[in-house]
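Trainee: I'd like to ask you about the structure that follows.
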Amino acid sequence: MDVTIEPSHVRGTARAPPSKSYTHRAILAAGYADGATVRDPLWSADTRATARAVDLFGGDVTRAENGTLAVDGFGGRPGVPADVIDCDNSGTTMRLVTATAALADGTSVLTGDESLRSRPQGPLLEAVADLGGEAFSTRGNGQAPLVVTGPVSGGATSIPGDVSSQYVSALLMAGAVTDEGIEIDLETPLKSAPYVDVTIEVLGAFGVDASHTDAGFAVDGGQSYAPTGGEYRVPGDFSSISYLAAAGAVAGDDAVRVEGARPSAQGDSAILEILERMGAHVDWRRDEGVVDVARSALDGIEVSVEDTPDLLPTVATLGAVADGDTRITNAEHVRFKETDRVSAMAAELGKMGVETTEERDSLTVHGSESSLSGATVDGRGDHRIVMSLAVAALAADGATTIHGAEHVDVSFPGFFDVLYDLGASVERDE
């Protein structure tokens, strides 16, 4: 699907979609339990992949008309899947359920689409082997398709922290139902650390204890998943809030109000502090879960995305509108997402007249040297690239057409409807 956006001013109220990160973990945690109800989940392409995996491990995920998920779990003992687990484009699914597969008494096969089959899984496969399982890449390159044989009973492993925090989250979730528990030593400093905090927060809500250690993380074995009252409610998603808040900052007519912005362990709530540092008017009423963002002149700043890789496309877009340079650092791991987001943003913003300097670990956007103009751009099969370019289009001179806009379904299925309701000129060509 192509979407064309004319320069627009936006105003009004929008509700943040539920968190994709929390929904993945909640669906799988409910699978590890005897069962649970997941309220306010994000039902997207990625989270449906996790639900399918729970089904294949012997659980059952049923979605009601109001969106609530009723999950019959496999009680901490996943069965051997009767079919290949297709994770589609969801890296979170593949990594979380690779550890689940290591608990099954038999062999599981996991694959995904072309993009997912290019992403690194090797350190997690090595960790499974450390714990007594068998795990390998069919092509011998640490990438899917993956073959995993269990069961593991727990133990100790070490893992690099600078490739993906999802390896740690996967092992913590699975480790709670092993006999011995799992101890994880980090070989390098952890990138995207807040995502592990999200995992620990969800585990706590399901009655499971996991903790930081001096060397990394640990979770005791023999635990049971059981949320209070048999249900879990998913919070709003700050990664998605970033696009709505950025839209208010670059194209707001009065203010854009975003509901569902309650504090949580999500590192991407840093977008609000980044916007303030750049000069935007931000009013976050935490107790109400409401944030107002109004347009103002923005100035370039330096931003580290070490812990917030999903914010790089949003910050790059803000830099295209700001005066001066916006330098995004600690970004090498952002190259291993649905696409190489560092290069993708440099190239696609470049089509819109934006000057950038790309280095291995950073992206600098030269706002004062740029003239943001409408153009035909490619979303690169990446939901976050698509949404960031849509925000840039609001402030561009002339119309912008985004190829592959349907990929917003991965995390924010109603994104273009929300933009339209806020007053943006949005035309779809399906």
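Trainee: Which condition breaks for residue 387 when tested against (1) modelled with pLDDT of 95 or more; (2) surrounded by fewer than 22 Cβ atoms within 10 Å (Cβ to Cβ)?
Mentor: That leaves (2) as the condition not met.
Trainee: Does residue 327 count as within 17 Å of the chain's Cα centre (by Cα) and at pLDDT 95 or above?
Mentor: On the way: within 17 Å of the chain's Cα centre (by Cα): no; at pLDDT 95 or above: yes.
Taking the combined requirement at face value, the residue does not satisfy it.
Trainee: A further question follows. Looking at 70, 30, 26, can you tell me which residue is in contact (Cβ under 8 Å) with a residue 24 or more places away in the chain and surrounded by fewer than 24 Cβ atoms within 10 Å (Cβ to Cβ)? Give the derivation first.
Mentor: Details: 30 fails: surrounded by fewer than 24 Cβ atoms within 10 Å (Cβ to Cβ); 26 fails: surrounded by fewer than 24 Cβ atoms within 10 Å (Cβ to Cβ).
Going through 70, 30, 26 in turn, just one is in contact (Cβ under 8 Å) with a residue 24 or more places away in the chain and surrounded by fewer than 24 Cβ atoms within 10 Å (Cβ to Cβ): 70.
Trainee: If the requirement is being in contact with an Asp or Glu (Cβ under 6 Å, 6 or more places away or on another chain) and either among the hydrophobic types (A, V, I, L, M, F, W, C) or surrounded by fewer than 24 Cβ atoms within 10 Å (Cβ to Cβ) (or both), which of these qualifies: 64, 51, 45? Before you say what the answer is, go through the steps one by one.
Mentor: Details: 64 fails: in contact with an Asp or Glu (Cβ under 6 Å, 6 or more places away or on another chain); 51 fails: in contact with an Asp or Glu (Cβ under 6 Å, 6 or more places away or on another chain).
Within the list 64, 51, 45, the selection yields 45.
Trainee: Of (1) touching a Pro at 6+ places or on another chain (Cβ under 8 Å); (2) polar (S, T, N, Q); (3) farther than 27 Å from residue 181 by Cα, residue 23 satisfies all except one. Which?
Mentor: Tallying (1) touching a Pro at 6+ places or on another chain (Cβ under 8 Å); (2) polar (S, T, N, Q); (3) farther than 27 Å from residue 181 by Cα, residue 23 fails exactly one: (3).
Trainee: If you scan region 201-218, which residues turn out to be among the aromatic types (Phe, Trp, Tyr) and either more than 19 Å from residue 234 (Cβ to Cβ) or in a helix (DSSP H, G or I) (or both)? Spell out how you get there, then give the answer.
Mentor: Taking region 201-218 as the starting set, the residues that turn out to be among the aromatic types (Phe, Trp, Tyr) are 206, 217.
Selection gives 217 alone.
Trainee: Any residue at all in region 379-396 that's over 18 Å from the mean Cα position of the chain (by Cα), over 21 Å from residue 418 (Cα atoms) and of a type in the set (D, E, K, R)? Spell out the reasoning first.
Mentor: We begin by selecting, within region 379-396, every residue over 18 Å from the mean Cα position of the chain (by Cα); these are 390-396.
Next cut, over 21 Å from residue 418 (Cα atoms) only: none.
Checked against the condition, which is being over 18 Å from the mean Cα position of the chain (by Cα), over 21 Å from residue 418 (Cα atoms) and of a type in the set (D, E, K, R), region 379-396 yields no hits at all.
Trainee: A further question follows. Between 83, 72, 130, which is assigned by TED's automatic domain parsing to the domain that holds residue 186, in contact with a helix residue (DSSP H, G or I) (Cβ under 7 Å, 6 or more places away or on another chain), at pLDDT 95 or above and among the acidic types (Asp, Glu)?
Mentor: Values: 72 fails: in contact with a helix residue (DSSP H, G or I) (Cβ under 7 Å, 6 or more places away or on another chain); 130 fails: in contact with a helix residue (DSSP H, G or I) (Cβ under 7 Å, 6 or more places away or on another chain).
Criteria check complete, one pass: 83.
Trainee: Please verify whether region 363-374 includes one or more residues that are under 28 Å from residue 44 (Cβ atoms), of a type in the set (A, V, I, L, M, F, W, C), crowded, with 23+ Cβ neighbours inside 10 Å and not assigned by TED's automatic domain parsing to the domain that holds residue 87.
Mentor: So the first thing to find is which residues in region 363-374 are under 28 Å from residue 44 (Cβ atoms), and the list is 363.
Imposing the further condition that a residue be of a type in the set (A, V, I, L, M, F, W, C) reduces the set to 363.
Next cut, crowded, with 23+ Cβ neighbours inside 10 Å only: 363.
Retained after the next criterion (residues that are not assigned by TED's automatic domain parsing to the domain that holds residue 87): 363.
Taking every residue of region 363-374 in turn, at least one turns out to be under 28 Å from residue 44 (Cβ atoms), of a type in the set (A, V, I, L, M, F, W, C), crowded, with 23+ Cβ neighbours inside 10 Å and not assigned by TED's automatic domain parsing to the domain that holds residue 87.
Trainee: Next up: Go through region 49-64 and give me each residue that's in contact (Cβ under 8 Å) with a residue 24 or more places away in the chain and of a type in the set (D, E, K, R).
Mentor: Scanning region 49-64 gives a single hit, 52.
Trainee: Please go through (1) in the same structural domain as residue 126 (by TED's automatic domain parsing); (2) at pLDDT 95 or above; (3) in a helix (DSSP H, G or I) for residue 184 and return the number of the only condition it doesn't satisfy.
Mentor: (3)
Trainee: Could you say whether any residue in region 162-185 is on the phi > 0 side of the Ramachandran plot and either hydroxyl-bearing (Ser, Thr, Tyr) or buried (at least 18 other Cβ atoms within 10 Å of the Cβ) (or both)? Spell out how you get there, then give the answer.
Mentor: Filtering region 162-185 for residues on the phi > 0 side of the Ramachandran plot gives 181.
When the remaining residues are screened for being either hydroxyl-bearing (Ser, Thr, Tyr) or buried (at least 18 other Cβ atoms within 10 Å of the Cβ) (or both), the result is 181.
Yes, some residue in region 162-185 is on the phi > 0 side of the Ramachandran plot and either hydroxyl-bearing (Ser, Thr, Tyr) or buried (at least 18 other Cβ atoms within 10 Å of the Cβ) (or both).
Trainee: Right, next: Which of the residues belonging to region 92-119 are more than 29 Å from residue 179 (Cβ to Cβ) and touching a helix residue (DSSP H, G or I) at 6+ places or on another chain (Cβ under 8 Å)? Steps first, answer last, please.
Mentor: Going residue by residue through region 92-119, those that are more than 29 Å from residue 179 (Cβ to Cβ) are 111-119.
Correct list: 111, 112, 116, 119.
Trainee: While we're looking at this one, here's another question. So the check is Cβ under 8 Å with 6+ separation or different chains; which pairs have a first residue in region 139-159 that's assigned by TED's automatic domain parsing to the domain that holds residue 171 and over 17 Å from residue 173 (Cα atoms) and a second one that's of a type in the set (Phe, Trp, Tyr) and not in a loop (DSSP other than H, G, I, E, B)?
Mentor: 146/136; 147/136
The values are calculated or read from the model by the stated rules, or taken from the named source; none is laboratory data. From a predicted model like this one, the values you see are computed outputs, not experimental measurements. Cβ coordinates were reconstructed from backbone atoms using ideal geometry, including for glycine residues, and neighbour counts include every protein chain displayed.
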